[in-house]
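Student: This is the structure I want to talk about, given as structure tokens.
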Amino acid sequence: MMFMTKGQYSVSDAVLKKPDLLEREETVLRDITKRSGFEAEKRLGDSRYWTRDFAGAVFYLGKYQGKAAVLKIQGTKPPIAEIDQIENFAAQNQSQVIRPPKLYGYLKWDETNKYEALFLEEVEGKPIVSCPTNGEELKEFFELYQEYRQNCLIKPWLPKPELTLPEIIEADFNNWRLIAKKLYPVHPLRKANDAGLIGVVVAKLKNEYQAYEPQFIHGHFSYLDLLKTKSGEVILFSNLFWKYKAPWYDSVFGQHWFRYRLSSIKEIAPKEVEAQRELWLKEIWALAQNEEDKKLINLALLERAAAGLNLDALSVDPKIPITEYLVEATRQEVKRLL
């Protein structure tokens, strides 16, 4: 059984449907070329889901109507097209700093060939946060977070979900449990009591969030999704993921995945991992204005830690020496935050 949060795009929904874009990529690209005139020059990469098996989107650099452009092929049908998300974001955005990438054109969802295509500007810029990072970079990242909160969220364009916030939490974890079982039926770093610990977290979150409404946010506000151009503009990507989530979810999302990204640094030591994490937490906690903010940030961190223990941390290559530490540190963080 799949538990969908109606009207919101969920990576877990896509994975459980087993996207097969990689298997039909060449056929789809030929169809797009024929319909749009896009001239592909270079494959830039793809978006994978926790594993190397599934890709929900692929990207090509090329020419569209005589201009340099990036083609994004979306291979799973979201409830709200990214085309619409970008256009709605741009229409209500009041930031003079942050904006979505320019959308030159598109092909709406093709029910026969199962794809939609976006022709986007080629953005030349660099991420706000490098890996490893430093305090100066993170200070800028969270200044941009404040800018996004103040000026990019003027008016929600998606209706509130039918589910309550506790129901959203339950649906998310039900999906993530299914995916963890599907992708990693056996994992060397999973412990027998992890499932029970995650269950305790879900019950805790459902109870604590009873008095709160889900908030409209960019659900993938990540260190990889903000590119700064030479002119000083900041382009916000992953616009498929505007949705309703728990308070402060967008403030902790970046550090969550950054931690596991540290596994890409050769021979990184546990003390370096913790030093990087402390840099993030210093900026996150500085956002709190009162005790309720602190409580909600703690809950957001707890939700992410439990999601990490269930699935996200397991997606890091277990052959990398630091991975065992990353998984155990996630486990201990769940216990501490509880």
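Student: Which numbered condition trips up Leu61, out of (1) in contact (Cβ under 8 Å) with a residue 40 or more places away in the chain; (2) open to solvent by 70 Å² or more (accessible area, probe 1.4 Å); (3) touching a Lys or Arg at 6+ places or on another chain (Cβ under 6 Å)?
Tutor: Leu61 satisfies every listed condition except (2).
One line per residue, one yes/no per condition, for (1) part of a loop (DSSP other than H, G, I, E, B); (2) in contact with a helix residue (DSSP H, G or I) (Cβ under 7 Å, 6 or more places away or on another chain); (3) at pLDDT 95 or above:
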residue: Thr5; (1), (2), (3): yes, yes, no
residue: Ala14; (1), (2), (3): no, no, no
residue: Phe59; (1), (2), (3): no, no, yes
residue: Lys63; (1), (2), (3): no, no, yes
residue: Thr76; (1), (2), (3): yes, yes, no
residue: Gln96; (1), (2), (3): yes, no, yes
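Student: Next up: Sort out which residues of segment 293-311 are in contact with a helix residue (DSSP H, G or I) (Cβ under 7 Å, 6 or more places away or on another chain) and surrounded by fewer than 21 Cβ atoms within 10 Å (Cβ to Cβ), and write them in order of number.
Tutor: The initial filter retains those residues of segment 293-311 that are in contact with a helix residue (DSSP H, G or I) (Cβ under 7 Å, 6 or more places away or on another chain), namely 297-311.
If the condition is that a residue be in contact with a helix residue (DSSP H, G or I) (Cβ under 7 Å, 6 or more places away or on another chain) and surrounded by fewer than 21 Cβ atoms within 10 Å (Cβ to Cβ), then Ile297, Asn298, Leu302, Ala307 are the ones that fit.
Student: Got a number for residues in segment 277-292 being of a type outside the set (A, V, I, L, M, F, W, C) and in contact with a helix residue (DSSP H, G or I) (Cβ under 7 Å, 6 or more places away or on another chain)? Steps first, please.
Tutor: First, the residues of segment 277-292 that are of a type outside the set (A, V, I, L, M, F, W, C): 277-278, 282-283, 289-292.
Those left that are additionally in contact with a helix residue (DSSP H, G or I) (Cβ under 7 Å, 6 or more places away or on another chain): 277, 283.
Matching residues across segment 277-292 total 2.
Student: Right, another one. So in segment 98-129, with the set limited to residues that are of a type in the set (Lys, Arg) and part of a loop (DSSP other than H, G, I, E, B), which one is nearest to Trp242 (Cα to Cα)? Spell out the reasoning first.
Tutor: The first filter runs over segment 98-129 and keeps only residues of a type in the set (Lys, Arg), leaving 99, 102, 108, 114, 126.
Among the residues that remain, those that are also part of a loop (DSSP other than H, G, I, E, B) are: 102, 114.
Working: Lys102: 17, Lys114: 22 Å.
Residue satisfying both the conditions and the ranking: Lys102.
Student: Right, next: With respect to the numbered conditions (1) within 30 Å of Ala40 (Cα to Cα); (2) over 19 Å from the mean Cα position of the chain (by Cα); (3) surrounded by fewer than 13 Cβ atoms within 10 Å (Cβ to Cβ), which one is the sole condition not fulfilled by Leu120?
Tutor: (3)
Student: Might you let me know whether segment 168-183 holds any residue that is open to solvent by less than 80 Å² (accessible area, probe 1.4 Å), farther than 27 Å from Phe54 by Cα and touching a residue at least 40 places away in the same chain (Cβ under 8 Å)? Walk me through how you get there before you give the answer.
Tutor: To start, the set of residues in segment 168-183 that are open to solvent by less than 80 Å² (accessible area, probe 1.4 Å) comprises 168-176, 178-180, 183.
Adding the requirement that they be farther than 27 Å from Phe54 by Cα leaves none.
No; the residues of segment 168-183 include none that is open to solvent by less than 80 Å² (accessible area, probe 1.4 Å), farther than 27 Å from Phe54 by Cα and touching a residue at least 40 places away in the same chain (Cβ under 8 Å).
Here is a yes/no grid of residues against (1) within 26 Å of Ser315 (Cβ to Cβ); (2) of a type in the set (Asp, Glu):
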site	(1), (2)
Pro79	yes, no
Asp84	no, yes
Gln92	no, no
Trp109	no, no
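Student: Could you grab me the full set of residues in segment 87-108 that are among the hydrophobic types (A, V, I, L, M, F, W, C) and surrounded by 16 or more Cβ atoms within 10 Å (Cβ to Cβ)? If you could, list the steps in order and put the result at the bottom.
Tutor: Step one: filter segment 87-108 for residues among the hydrophobic types (A, V, I, L, M, F, W, C), giving 89-91, 97-98, 103, 107.
Those that are among the hydrophobic types (A, V, I, L, M, F, W, C) and surrounded by 16 or more Cβ atoms within 10 Å (Cβ to Cβ): Phe89, Ile98, Leu103, Leu107.
Student: Moving on to the next point. For segment 192-229, how many residues meet the condition of being assigned to a loop (DSSP other than H, G, I, E, B) and in contact with a Gly (Cβ under 7 Å, 6 or more places away or on another chain)? Break it down into steps so the answer makes sense when it comes.
Tutor: First, pick out the residues of segment 192-229 that are assigned to a loop (DSSP other than H, G, I, E, B): 192-193, 212-214, 219-225.
Narrowing further to those that are in contact with a Gly (Cβ under 7 Å, 6 or more places away or on another chain): 221-223.
Total satisfying the criteria: 3.
Student: Return yes when Leu224 is modelled with pLDDT under 95, among the aliphatic types (A, V, I, L, M) and surrounded by fewer than 17 Cβ atoms within 10 Å (Cβ to Cβ) and no when it is not. Full working, then the answer.
Tutor: Values: modelled with pLDDT under 95: yes; among the aliphatic types (A, V, I, L, M): yes; surrounded by fewer than 17 Cβ atoms within 10 Å (Cβ to Cβ): yes.
Yes: the conditions hold for Leu224.
Student: Further question on the same structure: Out of segment 235-269, which residues are over 12 Å from the mean Cα position of the chain (by Cα), over 15 Å from His218 (Cα atoms) and among the aromatic types (Phe, Trp, Tyr)?
Tutor: Tyr260
Student: Being in a loop (DSSP other than H, G, I, E, B) and closer than 18 Å to Arg190 by Cβ, is that true of even one residue in segment 296-317? Steps first, please.
Tutor: Going through segment 296-317, the residues in a loop (DSSP other than H, G, I, E, B) turn out to be 316-317.
With closer than 18 Å to Arg190 by Cβ added as a condition, the list becomes 316-317.
Yes, that holds for at least one residue.
The values are calculated or read from the model by the stated rules, or taken from the named source; none is laboratory data. Predicted model, so just to flag it, every value in this text is computed and none were measured. Positions of Cβ are backbone-derived with ideal geometry, glycine not excepted, and every protein chain shown enters the neighbour counts. SASA here: full protein model, heavy atoms, side chains in, ligands and nucleic acids out. Shrake-Rupley method; radii C 1.70, N 1.55, O 1.52, S 1.80 Å.
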